[in-house]
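Notes follow the structure.
None of the figures in this text is laboratory data; all of them are computed from the coordinates on show. Keep in mind it's a predicted model, so treat the numbers as computed, not measured. Methodologically, a virtual Cβ is constructed for each residue, glycine included, from the backbone with ideal geometry; neighbour enumeration extends over all protein chains shown.
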Amino acid sequence: MLIGCSAIQEVSSIRVDGREYLSLRAISERYGSEISNLSNEGKVFLKGSFGEMIFTAESRELQLNGLRVFMGDVVLLNEGFLYISKLDIQKFIQPLLEPALFAPVPGVNKIVLDAGHGGYDMGAQNKELGLNEKDLTLEVIRYLKLLLEKKGYTVVLTRSEDRYLGLDERAEIVRNEKADLFLSLHFNAATNQKATGTETYILTPQLQQSTGDSEMSEKDTVELVGNQLDPWNAIAGFYFHRQLVYDLKGTDRGLKRARFVVLRNLNCPGLLIEAAFLSNREEANRVKTVAFQKRLAHSMATGVEVYQRMLKRTQNEVAQ
Ligand SMILES: [Zn+2]
């Protein structure tokens with residue numbers, strides 16, 4: 001019997017509960033990146049041409065170049081090594097690092113802008129400051145329309161005045177218009193009045209958990225129409241969220257996933273942006289200024305341009 005030869009070998013993939021996971025080392029080898037050892041806080045750093053990714057054991061949160069991103073599955077800690085679910089690699093890491101794999105690459109010309117809520121549906125409110133989410137979203141969206149039209153995009157609004165519009169109707173407009181991109185704008189509210197910051201949502205991929213859920217359920221097994229755009233949702237979501245956090249300078253609450261009704265049946269990439277909290281007094285005071293509203297509209301317009309540049313780069317790569 002040999003003693004002292006029990007060094008654990010890191011395997012490149014493992015299967016847990018029918019789900020395949022790849023080791024971070026296998027991922028680092030694919031991207032020719034440097035990998036650190038597991039730290040005391042359960043973190044592993046990957047550094048490469050893409051920048052820096054920080055994975056945390058037993059967490060769905062990934063930091064990508066300092067930005068918070070929530071994956072669909074928890075990062076597994078197995079025998080001292082971290083493993084990422086294959087779905088997260090296919091649905092998030094590969095789209096961002098190797099977008100050309102997901103050709104044909106979409107374009108962006110016609111954009112549907114959606115001012116959240118409207119009519120009797122006020123959305124979030126700050127009664128003390130007299131703020132209604134439905135008015136703020138419409139203000140910003142109207143201004144964003146002008147900015148995007150000046151840049152040559154075709155813009156369609158789901159609503160251009162204060163009226164009620166169902167969530168399905170909004171998605172139907174996107175489908176009927178054969179739009180290239182859908183941006184739905186909202187403002188947040190929470191019972192915890194300290195909550196502040198920006199979060200951006202994309203549709204949850206099939207067989208993955210939404211960020212707000214703590215475990216898998218039956219609804220996670222369904223493939224939705226919008227899931228055909230999973231890679232481009234991830235790309236659009238990442239670049240928009242990065243732009244918003246940079247420009248608004250609020251708390252980065254992360255790029256998250258949810259199966260919101262407005263995102264489910266889209267036939268183009270779509271995002272739902274929760275720009276800031278109306279329930280936080282300080283943040284609501286900022287949001288109510290025209291300066292903030294213009295900054296937000298400019299940030300979203302820049303987001304469109306950054307996303308379009310990314311698509312063009314990828315189209316060129318595919319053509320070579
Ligand atoms: Zn809302």
HN-Hα couplings for segment 96-109 via Karplus (6.51, -1.76, 1.60; θ = phi - 60°), in whole Hz with x for Gly/Pro, come out as 6, 8, 9, x, 4, 4, 9, 4, x, 8, x, x, 9, 10
Of all GluC sites (Glu not before Pro) in segment 201-284, the ones in DSSP coil with at most 14 other Cβ atoms within 10 Å are 215, 223
Residue span residue 317 to residue 14: 0.36 nm per residue of separation minus Cα-Cα distance leaves a gain in nm of 105.8 nm
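What net charge is computed for the residues neighbouring residue 137, neighbours being all others with C-beta under 10 Å from the C-beta of residue 137, Lys and Arg scored +1, Asp and Glu -1?
-1
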Counting only DSSP loop positions in segment 79-166, the trypsin sites (Lys or Arg not before Pro) whose Cβ has at most 16 other Cβ atoms within 10 Å are 127, 151, 163
Bounding extents of segment 48-194 in its principal axis frame from Cα atoms, largest first in Å, are 57, 42, 27
Sorted on mean Cβ neighbours within 10 Å (highest first), peptides 307-317, 230-240, 30-40 come out as 230-240, 307-317, 30-40
Computed, not fitted: 222 nm per-residue ellipticity of the chain from DSSP H runs ≥ 4 (each -39500 (n - 2.57)), nearest 500, equal to -9500 deg cm²/dmol
Output for segment 124-214: GluC sites (Glu not before Pro) sitting in coil per DSSP, at most 15 other Cβ within 10 Å, listed by number, reads 128, 161
Taking a crude spin-label model, label points 7 Å out from Cα along the C-beta direction, the residue 122 to residue 79 distance in nm is 5.9
Whole-percent tail of the Cα-Cα distance distribution for segment 13-92, cut at 22 Å, equals 12
Any helix of the chain counts here only if DSSP assigns it H throughout, its Cα atoms span 30 Å or more along the axis, and its mean Kyte-Doolittle hydropathy is at least -0.5, and such helices are 290-319
The ratio Rg/Rh over the Cα atoms of segment 110-319, Rh being the Kirkwood inverse mean 1/r radius, stands at 0.95
Once phi for every residue in segment 265-274 is put through the Karplus expression 6.51 cos²θ - 1.76 cosθ + 1.60 (θ = phi - 60°), the whole-Hz ³J(HN,Hα) values, with Gly and Pro written as x, are 10, 6, 10, 8, x, x, 10, 10, 9, 9
